[in-house]
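The values are calculated or read from the model by the stated rules, or taken from the named source; none is laboratory data. Bear in mind the structure is a predicted one, so any value in this text is a computation, not a measurement. Cβ placement follows ideal geometry from the backbone for every residue including glycine, while neighbour counts extend to all protein chains displayed. Calculation scope for accessible area: heavy atoms of the full protein, side chains included, ligands and nucleic acids excluded. Shrake-Rupley method; radii C 1.70, N 1.55, O 1.52, S 1.80 Å.
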Amino acid sequence: MIWTKLALYVFEQASGLKSNFHKSELFCFGEAQDHLGLYVDLFGCKAGNFTINYLGIPIYYKKLRNCDWAKLEERFEKRLSSWKGENLSIGGRLILINLVLSSLPMYMMSFFSLLKWVLKKLDYFFI
């Protein structure tokens, strides 16, 4: 345990970078979870819980949950709610949907494969 703290100190001295443990969270897996309290005391940071979001993508150590996919559907509804007015022509709506909304699932699909039920719900918005 002391070696870990010493290695971080050597890294800080060599690189000039300093870890801010008050802003950091500690994630443990497997056998390390048994020693989580010891690590939290050693580093002076708090223990984190999964799921976390990084750049809008949910990070989870298992398969994504249904509520994570529901957030994508909520984004669709939020973006479409302002476009449902009479101000846009059908062609204008089509262009906006194709350009803007198609990027939302493509971003998620670059990390995860879409489930069939998610794909059906998203297709509902394009029709």
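Available extension along the chain between residue 119 and residue 51 is 22.3 nm, counting 0.36 nm per residue and deducting the alpha carbon span. For the pair residue 109 and residue 24, a Förster radius of 30 Å applied to the C-beta separation gives a FRET efficiency near 0.45, rounded to the nearest 0.05. Based on protein heavy atoms only, the chain ends up with 77 Å² per residue of surface accessible to a 1.4 Å probe. Using θ = phi - 60° in the Karplus curve 6.51 cos²θ - 1.76 cosθ + 1.60, the 3J(HN,Hα) couplings for the stretch 69-75 round to 6, 5, 5, 5, 5, 5, 4 Hz; x is entered for Gly and Pro. For residue 9 and residue 78, the FRET efficiency from 1/(1 + (r/R0)^6), where r spans their Cβ atoms and R0 equals 41 Å, is about 0.35. Straight Cα distances below 20 angstrom link residue 23 to the lysines 5, 46, with same-chain residues fewer than 8 positions distant left out.
Residue 57 contributes an accessible area of around 10 Å² to the protein surface, as traced by a 1.4 Å probe with all chains present.
Remark: the stretch 30-45, residue by residue, has Karplus-estimated 3J(HN,Hα) of x, 5, 5, 5, 5, 10, 4, x, 5, 5, 5, 5, 5, 8, x, 10 Hz, where x stands for each Gly or Pro and the curve is 6.51 cos²θ - 1.76 cosθ + 1.60 at θ = phi - 60°. The stretch between residue 39 and residue 62, if pulled fully straight at 0.36 nm per residue, gains 5.9 nm over its current Cα-Cα span.
Could you check how much of the accessible area of the chain is carbon and sulfur, as a whole percent, using a 1.4 Å probe? Using a 1.4 Å probe with all protein chains present, the chain comes out at 60 percent carbon and sulfur. Taking the inverse of the mean reciprocal distance over all distinct Cα pairs, the Kirkwood hydrodynamic radius of the stretch 27-75 comes to 12.8 Å. Remark: the chain carries a charge dipole of roughly 400 debye about the Cα centre, counting +1 on each Lys and Arg Cβ and -1 on each Asp and Glu Cβ.
Taking only the Cα atoms of the chain, the radius of gyration and Dmax are 21.9, 66 Å.
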